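Below: one structure, written as structure tokens.
Nothing in this text is a laboratory measurement; each read-out follows from the coordinates by a stated rule. Source: prediction; values computed, not measured. Note that we place each Cβ from the backbone using ideal geometry, even for glycine, and neighbour counts take in every protein chain shown.
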Amino acid sequence: MRILPILFTIALASVLGPQLSVAQLAPNTHWIQFTDKHNSPYQIVAPEAFLSQRAIDRRTRYQIAIDSTDLPVNSWYLDSLRQKGAMVYQVSKWLNGAAIYITQADSLAKIYQLPFVDSTESHDPVYAFNAVPLNSSSNFAATEAISAIDYGSAFNQIDLHHGQMMHQQGYMGDGMYVAIIDAGFQTIDQVPAFDSLFLNQQIIGTWDFISQDTNVYDDHNHGKSVLSTMAANLPGEFVGTAPHAHYLLLRSENTASEYKIEEINWIAAAEMADSVGVDVVNTSLGYQSYNAPSEPYTWAVLDGQTAPITIGTNMAARKGMLMVTSAGNDGEYAWRKITPPADAELGLSVAACDQNGLYASFSSQGFTADGRIKPDVAAKGQSATIITSTNVVTGNGTSFSSPILAGLATCLWQVDLSKSNFDIMELIHKHSSQYNNPDSLMGYGIPNFANAMNDLLANIETISSPVDLVQSVYPNPFVESISLRFYSKSQQNITIELLSLDGKKVKQMSFPADSNQLNFIKLSGLEHLNSGVYFLQVHSNQITKNQKLIKM
């Protein structure tokens, strides 16, 4: 699709986080950088006013400080812009600024003169970027044969990474939140493969940052194809890599025209994902080349911290989310290199391979300008099984290798939520085929998720205790199931009760526990419980454990 010039420039980070200098983002659309967040009605010590409990719990779990970048932009500043005749189109708390639409040059000049607006940088744009959904090889072909295995024609893209081993152990994304930031999810509410998402209330939210509404089902098909690799659930025909996960669907890309404002849209979408408490974000968008008359996009920019969307990816990762990005589809073009945000220092960028794990020639190549290994790993992106309209087809692109990998990473993280996003990234690297000899085509190679899962479980199972011990209860909040890791000192039956806030017993089960080892227990069938606070009680021969849980 045709991409038009987008204008942007970057300033040094301040105490409030990265700042963007004043620049035109699109016709009559400008970035306004604020100097501070003074007189904010929000306080860092009261984060529940601007972050969900799930987001706060993530910060607590991984010891991530809540800081000024988490505070919303000062609403009085935004009102002042409106009073000067501007329409506030997009706002970023991480960057402490706003994208505004204004047609009167004299009114814009008055905005630059406001005391809380940073106008110290040049008004001239510096970079022009070119953003595209990364499915450039669009020669889709109908899938001819359906495998007898329940994954159907998607079996190879899961088996290549031994992902079915995680699924067989019950790790299918339950309780995990995934955000997909893309170009639209056209008619997924009418496609049978996504029925379970709606029946099981697995879509936790939607937002269109272009139209500023909740309807993401009336635009482009690209996000639908991306989502299908993870969430499709048609046993015997097409099952995705994380079919039980919950999804936040966000549209940031406007395929009708391409301006720099879309990077601001993406950053705002990542902020929303963070605030909701998302665990994993997939981005199958990238920035390739400058449009004339600008100079071409130089390799020097691929330093992991310069391109706007790259800065946003790094910030999101610092908030605790696993950021998975497509490497790009320029391997056979003159540019050849990965495209931002695939160069992000703290992101996991994914190249494409074929069904045999061999490099797909269209996949963009590394390394970065500062010599880092990128792309990180590879997943199937050549003849990947996807959905376009309502049919199961195959398509080529790192747009598909990225979410295939993201879904498997989601299931892996479900195994042990005590691990951080960076721990999971390193574990994926460690258990990839080229870990000891990474290259510029597929980085550390093809990840083996069965080995990564076993690595996690082995570390968990080294636990020993002189008494019974509930090692972990997860996820919290929960939706349809609760899992426990219980170390039992003796052979016994343990009783698990789930109580409502008023003390009423809503679920009781008994489980056998083997002696001197960690027992894995799962309570299912909880999806019909009302949302709210519950208490879990675990009774053994030696202990009674109480834990507060939240039902979403």
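Using only the alpha-carbon atoms of the chain as identical scatterers, what base-10 log of I(q)/I(0) does the Debye formula give at q = 0.05, 0.07, 0.09 Å⁻¹? With one equal scatterer per Cα and no solvent, log10 I(q)/I(0) is -0.21, -0.40, -0.66.
Of the cross-linked pairs Lys93/Lys374; Lys374/Lys430; Lys224/Lys319, which ones have a Cα-Cα span greater than 18 Å in the structure shown? Can you show the working numbers first?
On the way: Lys93/Lys374 29 Å; Lys374/Lys430 15 Å; Lys224/Lys319 27 Å.
Violating the 18 Å Cα-Cα cut-off are Lys93/Lys374; Lys224/Lys319.
Neighbour counting of Cβ atoms within 10 Å sorts the residues Trp335, Trp94, Trp266, fewest neighbours leading, into Trp335, Trp94, Trp266.
Beta-bridge orientation, the chain: approximately 70 percent antiparallel, per DSSP, counting only bridges with both partners inside. Longest stretch of the chain clear of exposed loop sites (trypsin sites (Lys or Arg not before Pro), DSSP loop, at most 16 other Cβ atoms within 10 Å, sites excluded): 3-335. In sequence order, region 354-366 has phi-based couplings of 9, 5, 9, x, 8, 3, 8, 4, 7, 6, 5, 10, x Hz under the Karplus curve 6.51 cos²θ - 1.76 cosθ + 1.60, θ = phi - 60°, and Gly or Pro positions carry x. For the chain, the longest principal axis of the alpha carbon atoms and the long axis of helix 261-276 meet at an angle near 30°. Multiplying the residue separation of Gln63 and Ala334 by 0.36 nm and subtracting their alpha-carbon distance yields 93.2 nm. Highest mean first, the peptides 403-409, 68-74, 467-473 sorted by other C-beta atoms within 10 Å per residue fall in the order 403-409, 68-74, 467-473.
Each helix, a run of at least 4 DSSP H residues, gives -39500 (n - 2.57); summed and divided by the residues of the chain, these come to -6000 deg cm²/dmol at 222 nm.
Look at Thr368, Thr339, Thr60 and count the other Cβ atoms within 10 Å of each Cβ; fewest to most, that gives Thr60, Thr368, Thr339.
As a rough footprinting exposure proxy, the listed residues Thr206, Thr544 were ranked by other beta carbons within 10 Å of their own, and the order from fewest upward is Thr544, Thr206. Here the Karplus curve 6.51 cos²θ - 1.76 cosθ + 1.60, taken at θ = phi - 60°, turns the phi angles of region 545-552 into couplings of 10, 10, 9, 7, 10, 10, 9, 7 Hz, with x standing for Gly and Pro.
A simple packing score, the average count of other Cβ atoms within 10 Å per residue, orders the peptides 523-532, 438-447, 172-181, 384-393 as 172-181, 438-447, 384-393, 523-532, with the highest score first.
Under 5 Å between amide hydrogens, built in the peptide plane, is the criterion, and for Gln471 it picks out Arg485, Phe486, Tyr487 among residues at least 5 positions away or on other chains. Candidate cross-link partners of Lys507 among the lysines, defined by an alpha-carbon separation under 23 Å and a same-chain spacing of 8 or more, comprise Lys522, Lys545, Lys548, Lys551.
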